[in-house]
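Just below is one structure, and these are the notes that go with it.
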Amino acid sequence: MADLGQSRRQQIGRKAVHIDDAEMALQGINMLLNNGFKESNELFSRYRTQSPLMSFGASFVSFLNAMMTFEEEKMQIACDDLRNTEKLCEADSAGVLETIRNKIKKSMDSQSSGVVVVDRLQRQIIVADCQVYLAVLSFIKQELSAYIKGGWILRKAWKMYNKCHSDISQLQEACRQQSSVQHETDNASHNAPVENGVTAEALDRLKGSVSFGYGLFHLCISMVPPHLLKIINLLGFPGDRLQGLSSLTYASESKDMKAPLATLALLWYYTVVLPFFALDGYDTQAGLLEAKAILQRKLVVYPNSSLFIFFKGRVQRLEYHINGALTSFHDALELASDQREIQHLCLYEIGWCSMIELHFEDAYRSFKKLKDESRWSQCYYAYLTGVLQGLDEISCMGLKHLFLGAVHKCHGNMKDCIQELLFATQDEYARQMNSYIQPYAVYELGCIFLSKPETVEKGRSLLLQAKEDYTGYEFENRLHVRIHSALASLKEVAPQ
């Protein structure tokens, strides 16, 4: 029976090589990102029974379709597809390194042994990927039991990523040592097999494959508020931001099907996460050079990608090129005609850019559409549509000053910005209602003063005031993360 199972795995491996499933899967993802959703789905569906990798590609498209629509039926189809792919890959789950040792002991053909090792590593990575996407679908239900189930699934996925990453790293090291020895004797090529038959090229792709999930885990967990991070670390989840970025960069430069997704993850980090959470302190321009370099390379490859054009708009907005940003977001909106959730991302940005330009009617239309269509944050969008109507009322004066301060800051009018923020800190109605307006206004003032050497101490004092003098207001944890990051960055620049 063991021989039959072994023969079946080798046949699957040979069939995968015959159709070049790795290259075909990457082609399918590229189609997807260039708005060829239908073509990508047809490609993966046609070959989904030919290899685990193509099966995963079909399941990923199904998952993405569910996330774009949030229709219950499509979410159930995505769950079923992911579980079927998982079952296909879990047919054999023995340890990779143990398999290698067994194959060597039995003196099997080197190349055949390598095919089996690559196939099994790929299967384990795919299982971990499927578990992550199943966890996401579980979280969408927004139920306590679903959160618990999703957390348990994520922990399983992390363990698999961690083990595969370790196994592949060990194999790469063995490959480098073997290549070094061969290079001294016969100048071996990059694709020459090591002792167990696994080539350096295959290991590079597998490392890229596992680095996507491995890096995302590190990066996402590193963004958890400091008071929760220790608890999460105790549960077995890591949170090394630099490791996460390094792994995602490796994945983005690989030949694996998830390379484009890793590139999008890096753009998301540099253009959304950094400015939103202020993870590099008060420097909102951090990461823009990296994002612009990525876009310069990739927009040529993905000229019709609504997501890449969306991130182009994010860069333009962060550089305060608001008119250019609006053009990019409108272009992305048009390209995403069949992708509702991407449309909502674009509408959100169009709304805020319109507010920055003081085009309140345009902003109102965008947020009204989001309020009516989006499944997420409906209260928030209702609040924004109300504010864009309720601005000259006494109850909204503090918010108006905070908003105008942000607008002036975007346009580089720092004198007017400071004046508006000072008005916001003095708003009596906001103080009585214990609103978030005053602590956020104090924080923004602190960041402005930190940017000049002669007013650094005043800026530090304002940040501490925002942290210690206000409590119990909305978005308090979010502001504390920003304050903590700004103060930490200040200590790194000028240690006391």
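The values are calculated or read from the model by the stated rules, or taken from the named source; none is laboratory data. This one's a predicted model, so the numbers in the text were calculated from it and none came from an experiment. In this analysis, Cβ positions are derived from the backbone assuming ideal geometry, glycine residues included, and neighbour counts consider all displayed protein chains. To get the accessible areas, we keep the full protein, side chains included, count just its heavy atoms, and leave off ligands, DNA and RNA. Shrake-Rupley method; radii C 1.70, N 1.55, O 1.52, S 1.80 Å.
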- Nearest 0.05, what FRET efficiency do GLU39 and GLU201 give at R0 = 41 Å with Cβ-Cβ as r? 0.90
- Under 18 Å from the Cα of LYS163 - aspartates and glutamates, other chains or at least 8 residues apart: GLU86, GLU90, ASP92, GLU98, ASP119, ASP129, GLU173, ASP204, ASP240
- Task: Return one whole number: the accessible area per residue of the range 394-492 in Å², for a 1.4 Å probe.
- Result: 52 Å²
- Item | When each of LYS156/LYS258; LYS87/LYS255; LYS74/LYS292 is checked by Cα-Cα distance, pairs over 31 Å | LYS74/LYS292
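At most 15 other Cβ atoms within 10 Å and a DSSP loop assignment: could you name the chymotrypsin sites (Phe, Trp or Tyr not before Pro) in the range 242-344 that fit? Walk me through the numbers on the way to the answer.
Details: sites: TYR250, TRP268, TYR269, TYR270, PHE276, PHE277, TYR282, PHE308, PHE310, PHE311, TYR320, PHE329; in loops: TYR282, TYR320.
Listed in order of number, the matching sites are TYR320.
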- Quick P(r) readout (the range 394-492; Cα-Cα; 10 Å bins; whole %) gives 17, 49, 31, 3, 0
- Item | Hits among lysines - C-alpha to C-alpha of LYS452 under 22 Å, sequence gap 8 or more where chains match | LYS409, LYS415, LYS467, LYS491
- Message: Give me a comma-separated list of calculated 3J(HN,Hα) values for the range 208-215, in order, Karplus coefficients 6.51, -1.76, 1.60 applied at θ = phi - 60°, integers in Hz, x for any Gly or Pro.
- Response: x, 5, 6, 5, 5, x, 4, x
- Task: With label points built 7 Å along Cα→Cβ from the Cα atoms of TYR320 and PHE276, find their separation and express it in nm.
- Result: 2.4 nm
- Task: Could you check how much of the accessible area of the range 394-492 is carbon and sulfur, as a whole percent, using a 1.4 Å probe?
- Result: 53 percent
- Which of rounded, prolate, oblate describes the range 307-398, given a ≥ b ≥ c as roots of the alpha-carbon gyration tensor eigenvalues and a/c under 1.5 marking rounded, otherwise prolate only if a/b is larger than b/c? oblate
- Using eta = 1.002 mPa s and T = 20 °C, Stokes-Einstein with Kirkwood Rh from Cα pairs puts D for the range 202-346, in µm² s⁻¹, at 133 µm²/s
- Item | Using θ = phi - 60° and Karplus 6.51 cos²θ - 1.76 cosθ + 1.60, couplings along the range 200-206 (whole Hz; Gly, Pro as x) | 4, 4, 5, 5, 4, 5, 5
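When a/c is below 1.5 the answer is rounded, else prolate if a/b is larger than b/c, else oblate, so apply that to the range 32-82 with a ≥ b ≥ c taken from the square roots of the Cα gyration tensor eigenvalues.
Note, shape of the range 32-82 comes out oblate.
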